[in-house]
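Enquirer: Please read through the structure below; I'll follow up with questions.
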């Protein structure tokens, strides 16, 4: 397994590298101090997982989108000093597979990494409940209404297709971008529309905007 760490702090990066290698036996762990450096490495290598601090210069949510443009299938865990209550959900909707605050205990880092590697979305339990509760209130005016957020009900591929649809890509363009058949993209689109109970891209975008 090949993993890339992107963080501007050398001491933290060194410690993180040791932790990751301890969690994942035999992993090849590379590191970058800037997002631009990381992007160049992603262009030249196929990574299974990227752990990134989005608070670095040239970073932010846009960094996640840039990484996904270069490598749509790579898994991303945001490990950041930024406020998770403010940035976590937006990071997931930007393409990340999880968000973990650096203020959390070290043992949670292992859980987050293993969760993301297992193609699941990692968010702190309390944050997940808060996010869902807030979405319920905005959509229905009630905290009791049933609701599932996109990162809970969609597969990884469906999440990618959803993001590209919202960005304005057509089915044919998505097929070319992801190097898959148009019929496969149409199937992903149909499935995610059904799961999210929407009938159009406009309706989908509005629903995501509410959650964001």
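The values are calculated or read from the model by the stated rules, or taken from the named source; none is laboratory data. Source: prediction; values computed, not measured. We place every Cβ from the backbone using ideal geometry, glycine too, and count neighbours over all the protein chains shown.
Enquirer: Would region 14-27 turn up any residue that is under 20 Å from the mean Cα position of the chain (by Cα) and under 16 Å from residue 112 (Cβ atoms)?
Expert: yes
Enquirer: Among the residues of region 117-127, which ones are surrounded by fewer than 23 Cβ atoms within 10 Å (Cβ to Cβ) and not in a helix (DSSP H, G or I)?
Expert: 118, 119, 120, 121, 124
Enquirer: Condition test on residue 35, is it at pLDDT 95 or above and in contact with a helix residue (DSSP H, G or I) (Cβ under 8 Å, 6 or more places away or on another chain)?
Expert: No.
Enquirer: Same structure again: Find the residue count for region 5-36, including only residues that are buried (at least 18 other Cβ atoms within 10 Å of the Cβ) and out of contact with any strand residue (DSSP E or B) (no Cβ under 9 Å at 6 or more places or on another chain).
Expert: The total comes to 0.
Enquirer: Which of the residues spanning region 177-202 are surrounded by 13 or more Cβ atoms within 10 Å (Cβ to Cβ) and without any contact (Cβ under 8 Å) to a residue 12 or more places away in the chain?
Expert: Within region 177-202, 180, 182, 184, 187, 193, 198 meet the criteria.
Enquirer: Out of 74, 92, report the one residue that is under 16 Å from residue 120 (Cα atoms), surrounded by fewer than 22 Cβ atoms within 10 Å (Cβ to Cβ) and within 15 Å of the chain's Cα centre (by Cα).
Expert: 74
Enquirer: At negative phi and at pLDDT 95 or above: is that true of residue 61 in this structure? I'd like the intermediate steps shown before the answer.
Expert: Working: at negative phi: yes; at pLDDT 95 or above: no.
Considered against the rule, which asks whether it is at negative phi and at pLDDT 95 or above, residue 61 comes out as no.
Enquirer: Only residues in region 48-65 that are farther than 13 Å from residue 7 by Cβ count as the first member; pair them with residues that are assigned to a helix (DSSP H, G or I) and modelled with pLDDT under 90, Cβ under 6 angstrom, at least 6 apart or cross-chain, and list the lot.
Expert: So the pair list comes out as 61/90.
Enquirer: Which helices (runs of 4 or more DSSP H) sit wholly inside region 1-116 and have at least 2 residues that are closer than 28 Å to residue 205 by Cβ?
Expert: 35-44, 61-70, 84-93
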